[in-house]
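The values are calculated or read from the model by the stated rules, or taken from the named source; none is laboratory data. Since we're looking at a predicted model, the values are computed, not measured. All Cβ positions, even for glycine, are placed from backbone atoms using ideal geometry, and neighbour counts span all protein chains on display.
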Amino acid sequence: MNRAYSEFASVYDELMADIPYDIYTELIQLAAGGLDGKKILDIGCGTGLLSVKLAKMGANVTGIDISPEMITVAKQRAYAHSLPIIFVEQPMQHLEGFEEYDVAVIPIDSLNYVVERDEVISTLTKVYNALKAGGVLLFDVHSTFKTDEIFMEGPFTFDNGRISYIWEAEEGDKPHSVYSELAFFVRNADGLYKRFDEVHLQRTFSVQDYVEMLENIGFSIERIFSDWEDEPPHEESERIFYQVCK
């Protein structure tokens, strides 16, 4: 059975500790021309880390995610910070019920979990419809170099003393797709380990493909950059960012 982000929600924050969410917040702030009072849609919000950071800076945030476990953690986080963030359990390719947003963000390669081209187009179209005129979409995806080369260098292992995993990746059936099986071992308070498994399928597209999809929908390309730097993508870039405007 294809399962992703179920029990993983309990260890997600610890494993994502290296993601520079503060830089992501700055990128959104720059794209939006400030955050105070802005209406922001955080798509693929996960455990709400980014949503909370944006709300703390005065944004009115709505987060959506397909995983009920992730949404539960996100709601708990917002409650702990006394922040009025709305969280909705919904697949991004079925996005509905949102309109007149100043900014939409699909962070940390969340869009790569939508593997069919027509569903990527549907997702981006629904985001376009959720934005007000002049609204901005910012998202990042894996590069084709990362899916085709770096992920194929596995298996990968991790151990921080509490959490260990073995991650085996192989080429998926579709171009630039990756099928991953992860076995997690989490140490409990009694010193015993609990195992759970996750299966993930991701797919990306070339820069040219994304630009074509975005422009056909009606977006204007504002900038494309890579790897958290204000530099254009190159052949060994790993993460590509797109900032586009309605």
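Things worth noting here:
- The stretch 231-246 residues that are without any contact (Cβ under 8 Å) to a residue 60 or more places away in the chain, paired with ones that are surrounded by 20 or more Cβ atoms within 10 Å (Cβ to Cβ) and not in a strand (DSSP E or B) (beta carbon under 6 Å, 6 or more apart): none
- Residues of the stretch 5-37 that turn out to be part of a helix (DSSP H, G or I) and touching a residue at least 24 places away in the same chain (Cβ under 8 Å), as a count: 18
- Taking the stretch 188-227 as the range and being at positive phi and at pLDDT 95 or above as the test, the residues that pass are Gly218, Asp227.
- Any hit, the stretch 186-200, residues being surrounded by fewer than 19 Cβ atoms within 10 Å (Cβ to Cβ), of a type in the set (A, V, I, L, M, F, W, C) and under 12 Å from Ser143 (Cβ atoms): no
- When residues in the stretch 141-164 are screened for being without any contact (Cβ under 8 Å) to a residue 60 or more places away in the chain and farther than 19 Å from Arg239 by Cβ, 5 of them pass.
- Of everything in the stretch 70-79 that is out of contact with any Ser or Thr (no Cβ under 8 Å at 6 or more places or on another chain) and in contact (Cβ under 8 Å) with a residue 12 or more places away in the chain, the residue that is farthest from Arg117 (Cα to Cα) is Lys75.
- Only one entry of Ser67, Ser82, Ser51, Ser110 meets the criterion of being free of Cβ contacts under 8 Å to residues at least 24 places away in the same chain and either of a type in the set (Gly, Ala, Ser) or buried (at least 17 other Cβ atoms within 10 Å of the Cβ) (or both), and that entry is Ser82.
- Test result for Tyr210, under 30 Å from Glu100 (Cα atoms), of a type in the set (Ser, Thr, Tyr) and surrounded by 16 or more Cβ atoms within 10 Å (Cβ to Cβ): yes
- Top-ranked residue of the stretch 213-246 - restricted to ones that are surrounded by 13 or more Cβ atoms within 10 Å (Cβ to Cβ) and acidic (Asp, Glu), ranked as farthest from Lys174 (Cα to Cα): Glu222
- Residue match in the stretch 131-139 (condition: farther than 21 Å from Gly34 by Cβ and either touching a residue at least 12 places away in the same chain (Cβ under 8 Å) or among the acidic types (Asp, Glu) (or both)): no
- Complete set of residues in the stretch 197-233 that are part of a strand (DSSP E or B), of a type outside the set (Val, Ile, Thr) and closer than 23 Å to Met152 by Cα: Asp197, Glu198, His200, Leu201, Gln202, Arg203, Ser226
- Scan the stretch 137-177 for residues that are part of a strand (DSSP E or B), touching an Asp or Glu at 6+ places or on another chain (Cβ under 7 Å) and aliphatic (A, V, I, L, M) and the total you get is 2.
- Considering only residues in the stretch 82-113 that are part of a loop (DSSP other than H, G, I, E, B) and of a type in the set (Gly, Ala, Ser), the one that is nearest to Ser67 (Cα to Cα) turns out to be Gly97.
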